[in-house]
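First comes the structure, then the notes that go with it.
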Amino acid sequence: MLILVHQKTMIMKKIYLLAGVLVGTSSLFAQRLGNIPMVSASKNTYAVANKAHATHQQKAEGDIVWSNDFGTATDWLHVSGVNQSAGTLGKWQIVNAISSSLTAQGFNSTIQSVSGPTFALIDSDAAGAGAVQDAYMEYTGTINLSTLASGTPLYLEFTEYYRHYQEQNFIEVSIDGGTNWVTYEVNPVTEVPVNTTSLVPEYQIVNISSANAAGSATVKVRFHYVGTYDWFWAVDDIKISEAYQNDGKMVRSFMTSNPSASQGCDYYLLPDNQIAAFPGHEFITIAENMGAATQTNFRVRATEPVTGYSELSAAGVTYGASLPTSMSDTFNITNAFNPIASATAYNVTVSTELGIPDGNTLNDTTSFRNIKVGGTEFGRDNGVLVAGITGFGGTGNEILGWFNYMNVFADYSVGSVKTYITATQSTGFTTDQVHASIESFDGTNWTEVFTTPEYTVTSADFGKWLSLSSDVAVLVPGLYRVIFYRTENSTPTVNNTLRIGSAQACPDGTVGGIKATDLSTIGLADPNALMIRMSPVSYLGVNDIDADQFGLSVYPNPANDEVNVAFNLTNEALVNVTVTDLAGKVVYTSNGENNVPGAHSIKISTSNFSNGVYMVNFKANNEVSTQKIVIRK
């Protein structure tokens, strides 16, 4: 389900500069623009979680040793931390439905857990701006695990449903009745980017072996939520079970093109003329050893069934060949996936491999789907809308224009830029003036090389692709940013802010914005690719009044072997039709003939035309009309 909600005023919001994240990823994407500040998106909506998720099953290596379904309210107690704001809102509660204020914004009404209907919920959104959550949901009793041998590895599992902005989620375990606690962060930003909603339900598995709970008769558990005007976290069906010895977990994976020598972007729409020069897609994966045993041959593998592509990663970047339990590492696949043009989209799966049987294969994989190679469009999104983006978070970060970075690998003729305008817009939205721009980078400065006239977006454009055209320009190989500008946000407002579509999660440093305050550039941390695409076809009107006069229609468009030029005459006229390429070369001329008043059609064979854009020039007596047509074979 696509969830679209109101953007909120960013009062008391943290700005994610993500210094730690940038340091951690700089080695992965070394060759990229430097000194660009990174901030997270404004509190907004992406529809589903990007992290790999587990599916619950009975543990083969041990039974569930304790469980609780929140069916008895007295089993659990909200405990305020030192930073918790006063008041009843923003506290843990046991409920049987998601808050009405959340469901009114499109969120699911239940967590859809197995036990149902009761579950624990904390709603930071309802508490509002300025309210701080430092809230614990603590089990009031103690859990007797004394029958387990000391050192037995354990998992803590639960069902969850959440929406993340910048909050933090933790599980804490005590083995001495609550005096001391061991803390485990769940749903960290490395797995759950800013503005992510989980699946409904989602199953979480946490390896808690380091707490040494096995053998203790006084174990306690609690959930800890830290946030400030963020979203919500709902949990249910908590269990402690014996851990697998061997269990590889997919945390997060990125598809990237030649990150050592380019911006490292992912491309889901690669046109014909880019294929030969395209360096291919590599894969950078974060994976975790969830099992109890150290893994001495932990790797990840990328496969694609149509091409037979199957490549195993090198050893981990940090731990090498030996990955300790509960630790994560980065695995690189540098032998690139570079397929030929195909009418069928490609799907690449990335999976963990241990070199020995994996006890739990349900959290091992992620996939990159709908990679299209061939055609004329050039873009980075996979065509699957996950939500609309309005801006970036933090006062002073209001965005005048969004952009995808893109590397062009061979000369590419661009005539139009299109973006997806989401069906749901902010309350109060009326109109906005927009235009598209493409800028090239020379190593120091950005220079505009393509721009379109302004267009007024209205409600008639909602839920549609919007194409903005200009005169065709040739992009030579290099780095570009493809920008969708709006004029309304030069005086930013909370409402009346246009939303464009965003799609799959993509590498850091590949999506950005132009700030309204000073026109400087900022990067989007934990980004999703924007649904902005380039096309060689320009739909810029040429002599539209004359075209209407004759009812001129050229079809099909795009065409293959032939086109029809249909027109209507009100008076007898001498008609000539010529077709030229974009260089002005005449590739077709009709025999001038007198035509009586009425409807007529001329058939033109295009079987010998090359792929590309052509101008169809229609002349009746002294009046001329022109339309563009695309030949695609």
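The values are calculated or read from the model by the stated rules, or taken from the named source; none is laboratory data. This is a predicted model, so every value here is computed, not measured. With ideal geometry, Cβ positions are generated from the backbone for all residues, glycine too; neighbour counts draw on all protein chains shown. Protein only, heavy atoms only, side chains kept; ligands, DNA and RNA dropped before computing areas. Shrake-Rupley method; radii C 1.70, N 1.55, O 1.52, S 1.80 Å.
Rounded, prolate or oblate: which one fits segment 114-252, using the alpha carbon gyration tensor with axes a ≥ b ≥ c (rounded when a/c is under 1.5, else prolate when a/b beats b/c, else oblate)? Prolate shape, in that a/c is at least 1.5 and a/b is the bigger ratio.
Our note on the geometry: Cα centres of segment 266-322 and segment 429-467, 35 Å apart. Magnitude of the charge dipole for the chain, about its Cα centre and with charges confined to Cβ atoms of Lys, Arg (+1) and Asp, Glu (-1), is about 360 debye.
With every protein chain left in place, what is the accessible area per residue of the chain in square angstrom, probe 1.4 Å? Intermediate results must be reported in sequence, preceding the final value.
Details: 24220 Å² over 633 residues.
Here the residues of the chain average 38 Å² of exposed surface.
For segment 111-264, the relative contact order works out to 41 percent when only alpha carbon pairs closer than 8 Å and six or more residues apart are counted.
Extension gain for the segment Asp581 to Asn622, taken as residue separation times 0.36 nm less the Cα-Cα distance, is 12.5 nm to one decimal.
Here the peptides 149-156, 268-275 are ranked by packing, the mean other Cβ count within 10 Å, and the order with the highest first is 268-275, 149-156.
For segment 222-302, what class follows from the C-alpha gyration tensor (a ≥ b ≥ c being the square roots of its eigenvalues): rounded when a/c is under 1.5, otherwise prolate if a/b is larger than b/c, else oblate? Because a/c hits 1.5 or more and a/b fails to exceed b/c, segment 222-302 counts as oblate.
Using a cutoff of 8 angstrom between alpha carbon atoms and counting only pairs six or more residues apart, the relative contact order for the chain works out to 13 percent. Hey, quick one: spin label on Ser610, modelled 7 Å out along Cα-Cβ, who in segment 583-601 has an amide N within reach, i.e. under 19 Å? Within reach of a label on Ser610, which here means backbone N under 19 Å from a point 7 Å along Cα→Cβ, segment 583-601 contributes 583-589.
Whole angstrom only: what separates the Cα centroid of segment 70-85 from the Cα centroid of segment 148-187? Comparing the Cα centres of segment 70-85 and segment 148-187, I get a distance of 15 Å. Note on Val82 and Lys603: the model spin-label points, each 7 Å out from Cα along the C-beta direction, lie 8.5 nm apart. Scalar couplings 3J(HN,Hα) for segment 95-101, obtained by applying the Karplus form with A = 6.51, B = -1.76, C = 1.60 to θ = phi - 60°, are 9, 10, 7, 5, 3, 4, 5 Hz; x denotes Gly and Pro.
When nucleic acids and ligands are ignored and a 1.4 Å probe is applied, Val384 ends up with an accessible area of around 80 Å².
In this structure, the residue pairs whose Cα-Cα separation is over 18 Å, taken from Lys91/Lys220; Lys418/Lys464; Lys603/Lys628, are Lys91/Lys220.
The length gained by stretching the chain between Thr427 and Asp442 to full extension, at 0.36 nm per residue less their Cα-Cα distance, is 1.3 nm. Atom-type composition of the exposed protein surface of the chain places 51 percent of the accessible area on carbon and sulfur (1.4 angstrom probe). So if we plug the beta-carbon distance of Asn591 and Thr296 into 1/(1 + (r/R0)^6) with R0 = 60 Å, what FRET efficiency do we get, rounded to 0.05? Between Asn591 and Thr296 the formula returns 0.15.
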